[in-house]
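The values are calculated or read from the model by the stated rules, or taken from the named source; none is laboratory data. What you are looking at is a predicted structure, and each value in this text was computed from that prediction instead of being measured. Positions of Cβ are generated from backbone atoms using ideal geometry, with glycine treated the same way; all protein chains shown enter the neighbour counts. To get the accessible areas, we keep the full protein, side chains included, count just its heavy atoms, and leave off ligands, DNA and RNA. Shrake-Rupley method; radii C 1.70, N 1.55, O 1.52, S 1.80 Å.
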Amino acid sequence: RKREFMFKKLVAGSLAAAFVFSTAIYGQRQMAARPTESGGVLSPEQAAFDVLHYDLALSVDPTAQTINGVLTVRAQIKGLQKQMVLDLDTPFKVESVQLEKDGKLEPMKFERTDKQIKISYLRDMKLYEIVNVRVAYSGKPKVAPTPPWVGGFVWSKTADGQPWFATAVQNDGADLWFPVKDHPSDKAETTNLHFTVPANLTAASNGRLESVTDNKDGTKTFNWFISQPISNYNIALN
């Protein structure tokens, strides 16, 4: 009986601790700002393609706190839809969307909604066909109000005054800083990342650092390769 009593007491204590912890997390998620919508039920347009590869080339201006990027997504068609829909947070302007094929770029029509890019295919797609879609965008990413609970970019400085910044989007999704299919069910098989920053900084990210390019204009580009599937909210720039 004593053993049974101790077991019940332990279970009750664990449940109480879990309740307090989850309540604290919820409370912190509500401090000053609400999280963005992420995950949930996929739309038919997003369920109709499977991401195979992301290639992100991104330039960061720490002084202006802006980013300028080009995201190329390689995807396989899994359902017959007229559009590909990517998620991208509100602050960003989409300059162009292009189909990349045989080394050539062809403009694609798109509609920029509040938090998405609705891209119209140039023709009827076939099942299991591979497409490469290139999105150019720029803007001032949302500053994380209560990282990591409610995310975005974190801009700061080191003790000696050098710029320091990081992404904190674990709860909100990578659409806070680049176009993406913002859903945990679809991980790119591989990812290439090319981060251009002032030459006195180092851009740290996921995977393996393959090379660093001196652009001879006061900037350097750090080229990273992720060889395994990864949830987009875990892709980081620091």
* Single unsatisfied condition, residue 164 versus (1) touching a strand residue (DSSP E or B) at 6+ places or on another chain (Cβ under 9 Å); (2) open to solvent by 60 Å² or more (accessible area, probe 1.4 Å); (3) within 22 Å of residue 45 (Cα to Cα); (4) not basic (Lys, Arg) -> (3)
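Residues checked against (1) open to solvent by 10 Å² or more (accessible area, probe 1.4 Å); (2) modelled with pLDDT under 95; (3) under 24 Å from residue 41 (Cβ atoms):
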site: 133; (1), (2), (3): no, no, yes
site: 136; (1), (2), (3): yes, no, no
site: 146; (1), (2), (3): yes, yes, no
site: 152; (1), (2), (3): no, no, no
site: 158; (1), (2), (3): yes, yes, no
site: 172; (1), (2), (3): no, yes, yes
site: 178; (1), (2), (3): no, no, yes
site: 183; (1), (2), (3): yes, yes, yes
* Asked: In region 185-219, which residue that is in contact (Cβ under 8 Å) with a residue 40 or more places away in the chain and charged (D, E, K, R) is nearest to residue 157 (Cα to Cα)?
  -> 187
* To do: From 92, 110, grab the single residue that is touching a residue at least 40 places away in the same chain (Cβ under 8 Å) and of a type in the set (Phe, Trp, Tyr).
  => 92
* To do: Please specify each residue of region 173-198 satisfying the condition of being more than 13 Å from the chain's Cα centre (by Cα) and hydrophobic (A, V, I, L, M, F, W, C).
  => 195, 197
* Asked: For residue 153, which of the numbered conditions (1) touching an Asp or Glu at 6+ places or on another chain (Cβ under 8 Å); (2) farther than 27 Å from residue 105 by Cβ; (3) of a type in the set (Phe, Trp, Tyr) fails to hold?
  -> (1)
* Asked: Hey, among the residues in region 72-108 that are out of contact with any strand residue (DSSP E or B) (no Cβ under 8 Å at 6 or more places or on another chain) and closer than 20 Å to residue 232 by Cα, which one's surrounded by the most Cβ atoms within 10 Å (Cβ to Cβ)?
  -> 89
